Amino acid sequence: MTYSYKYPRPAVTVDIMLFTNETDPKVLLIERKNPPFQGNWAFPGGFIEPDETLEDAAKRELKEETGMMIHNLEQFKTYSEPNRDPRGRTISTVFYAKITPDLASRVSAGDDAAKADWFLLEKLPDLAFDHQKIINEAKINKIFK
């Protein structure tokens, strides 16, 4: 399927914040295997496929990058700053879910992730893209409580 329009077409992506439902919640991050931000930590996520919904893309990307299959993802917010991704104009919808610590132990890195690990919200590594801004807004909104 090929289209030709005179208007620019931004890429659409999804990001997933997965939290443990503990007194001191942790968030799941992946170490990026590829540029941009290779070697930096980020939320699992990626580009949607032409034939899938945002929700399906979020579930697929989470499964591909972490081995986690979570069905109860909730939409948090959409981020659209023009320069949020050095590869070009991207608009990302962020999803989140809370899971039990025993389920969290099943994570394994895959696809574009060199590693996948859990981090305390107060002890995060430097994050790629605008993911620090996103996590700060998640803290303000207390979505992980």
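The values are calculated or read from the model by the stated rules, or taken from the named source; none is laboratory data. Not measured: the values here are computed from a predicted model. Using ideal geometry, Cβ is built from the backbone for each residue, glycine included, and neighbour counts are taken over all protein chains shown.
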Single unsatisfied condition, Glu65 versus (1) at pLDDT below 95; (2) surrounded by 18 or more Cβ atoms within 10 Å (Cβ to Cβ); (3) over 12 Å from the mean Cα position of the chain (by Cα): (3)
Test for Ala42: is it over 15 Å from the mean Cα position of the chain (by Cα), buried (at least 17 other Cβ atoms within 10 Å of the Cβ) and touching a residue at least 24 places away in the same chain (Cβ under 8 Å): no
Residue that is modelled with the lowest pLDDT, among those in region 115-145 that are exposed (fewer than 13 other Cβ atoms within 10 Å of the Cβ) and of a type in the set (A, V, I, L, M): Ile140
Given (1) free of Cβ contacts under 8 Å to residues at least 60 places away in the same chain; (2) among the β-branched types (Val, Ile, Thr); (3) closer than 29 Å to Lys123 by Cβ, number of the condition Ile16 does not satisfy: (1)
Any hit, region 57-73, residues being farther than 19 Å from Lys133 by Cβ and among the polar types (S, T, N, Q): yes
Flag for Glu22 being outside any helix (DSSP H, G or I), under 20 Å from Phe144 (Cα atoms) and out of contact with any strand residue (DSSP E or B) (no Cβ under 6 Å at 6 or more places or on another chain): yes
Failed item, numbered, when Leu103 is tested on (1) among the aliphatic types (A, V, I, L, M); (2) in contact with a Ser or Thr (Cβ under 9 Å, 6 or more places away or on another chain); (3) touching a residue at least 60 places away in the same chain (Cβ under 8 Å); (4) more than 30 Å from Pro8 (Cα to Cα): (3)
